[in-house]
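All remarks here apply to the structure that follows.
The values are calculated or read from the model by the stated rules, or taken from the named source; none is laboratory data. Bear in mind the structure is a predicted one, so any value in this text is a computation, not a measurement. Because the Cβ atoms are built from the backbone with ideal geometry, glycine has one as well, and the counts that use them run over all protein chains shown.
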Amino acid sequence: MNKVIHPPKSKAAFFLFIIGLMLRIINKIRHSIMGYTSPRPFSSARESERSVKYTLAVVENWRKALKKYTGIKNAFHNKHVLELGPGPDLGTGLVILALGAKSYTAIDRHNLISGAAKSFYKALFDTLRNYPAFKRARTALAQFQEQGSCEYFSYIYDRKFSLNKLCSQKYDVVVSQAVLEHLDNVGNTFEFLSRKLQTAAVMVHEVDLGTHTRWLRTVDPLNLLRYSDTLYRLLKFSGSPNRLRLADYRRILAESGFAKIQTEPLVSVADDYFGRAKPGFNKRFTWYADTELAVTSFYLLATACTDSHFNK
């Protein structure tokens with residue numbers, strides 16, 4: 001499943017360092033003025049069909065990863081599901097409900113869902129008509145939009161991303177898409193989640209380890225590793241990747257009490273690019289294994305305890 005990307009042979013390392021530095025300065029200024037406005041390069045308001053395809057693909061990929069991990073075809077069925085950082089709309093939650101989940105809860109540090117267009121939700125439900133719990137999902141959105149809440153469909157906005165805001169409900173499945181790499185303290189998040197999960201609950205997270213600046217990620221996907229810790233912290237803004245690597249996530253999960261930890265690389269850079277880029281990395285990153293350092297996207301899966309009763 002690991003896709004290998006081949007960035008073009010481009011400018012010298014120093015040029016890439018300077019370009020990346022300039023773009024980070026621009027992004028810091030822009031985010032300071034405008035705030036965090038969009039986690040995606042396209043808008044669900046303007047590109048409904050594209051957004052629907054993206055949403056369905058995200059949930060389907062989670063479902064496939066969980067099937068491989070648990071052996072269950074639909075790991076969302078009859079489960080309480082928590083999503084971290086749903087982004088600009090609640091489409092993933094509606095798909096999960098339509099697949100038969102008992103409840104869906106989302107928490108985000110950026111309140112972006114108000115920008116989701118009615119045309120997006122209409123297009124989404126047009127594709128969900130044959131899903132087993134389609135009517136329940138449609139009712140959930142209607143109640144949420146009219147009343148601001150629904151017993152089995154909820155959204156929590158907290159600028160500090162404090163999981164203390166979650167209700168007393170314990171969850172069976174936790175999912176996220178390109179969220180963990182933005183958290184300042186992943187360890188605290190995992191430790192808190194371990195107390196909010198049912199026995200043998202499972203998690204699947206897609207983690208994006210690459211450079212997030214849209215043009216630069218194509219030319220120099222590991223550009224974010226070129227900077228000293230001091231310089232990187234100086235230019236930090238909301239949404240900056242935390243620069244944790246694949247091995248760090250495994251270690252933090254284990255320290256937080258999770259078990260059956262699996263990492264599945266999804267995208268890695270080609271050897272020729274990696275060979276050119278590595279000499280320019282911050283020296284502390286050179287201690288990681290090359291095969292893991294070259295990974296720019298992966299699935300992280302884990303279970304809340306070793307005695308798994310997930311199938312029961």
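See the values below:
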{"quantity": "Number of the exception - S238 against (1) buried (at least 17 other Cβ atoms within 10 Å of the Cβ); (2) farther than 23 Å from Y171 by Cα; (3) in contact (Cβ under 8 Å) with a residue 60 or more places away in the chain", "calculated": "(1)"}
{"quantity": "Restricting region 46-93 to residues that are small (G, A, S) and more than 15 Å from the chain's Cα centre (by Cα), the residue that is surrounded by the fewest Cβ atoms within 10 Å (Cβ to Cβ)", "calculated": "G71"}
{"quantity": "Qualifying positions in region 69-87 - assigned to a loop (DSSP other than H, G, I, E, B) and β-branched (V, I, T)", "calculated": "I72"}
{"quantity": "Residue that is hydroxyl-bearing (S, T, Y) and touching a helix residue (DSSP H, G or I) at 6+ places or on another chain (Cβ under 7 Å), where the choices are T127, T139", "calculated": "T127"}
{"quantity": "Some residue of region 88-99 being closer than 30 Å to A259 by Cα, touching a residue at least 40 places away in the same chain (Cβ under 8 Å) and in a loop (DSSP other than H, G, I, E, B)", "calculated": "yes"}
{"quantity": "Spans of helices (runs of 4 or more DSSP H) in region 169-261 with at least 1 residues within 30 Å of K67 (Cα to Cα)", "calculated": "186-196, 246-255"}
{"quantity": "Residue list for region 108-133, filter: buried (at least 17 other Cβ atoms within 10 Å of the Cβ) and either aromatic (F, W, Y) or without any contact (Cβ under 8 Å) to a residue 24 or more places away in the chain (or both)", "calculated": "F120, Y121, F125, Y131"}
{"quantity": "Breaking point among (1) more than 21 Å from G87 (Cα to Cα); (2) assigned to a strand (DSSP E or B), for K135", "calculated": "(2)"}
{"quantity": "Subset of region 2-31 [modelled with pLDDT of 90 or more and in a loop (DSSP other than H, G, I, E, B)]", "calculated": "H6, P7"}
{"quantity": "Hits in region 233-258 (condition: hydrophobic (A, V, I, L, M, F, W, C) and closer than 17 Å to S297 by Cα)", "calculated": "L244, L246, A247"}
{"quantity": "Number of positions in region 203-235 that are out of contact with any helix residue (DSSP H, G or I) (no Cβ under 6 Å at 6 or more places or on another chain), more than 17 Å from I26 (Cβ to Cβ) and among the aliphatic types (A, V, I, L, M)", "calculated": "2"}
{"quantity": "Extreme residue, nearest to A247 (Cα to Cα), among residues of region 279-311 that are charged (D, E, K, R) and modelled with pLDDT of 95 or more", "calculated": "E292"}
{"quantity": "Residues (touching a helix residue (DSSP H, G or I) at 6+ places or on another chain (Cβ under 9 Å) and of a type outside the set (S, T, Y)) located in region 146-164", "calculated": "C150, E151, F153, I156, D158, F161, L163, N164"}
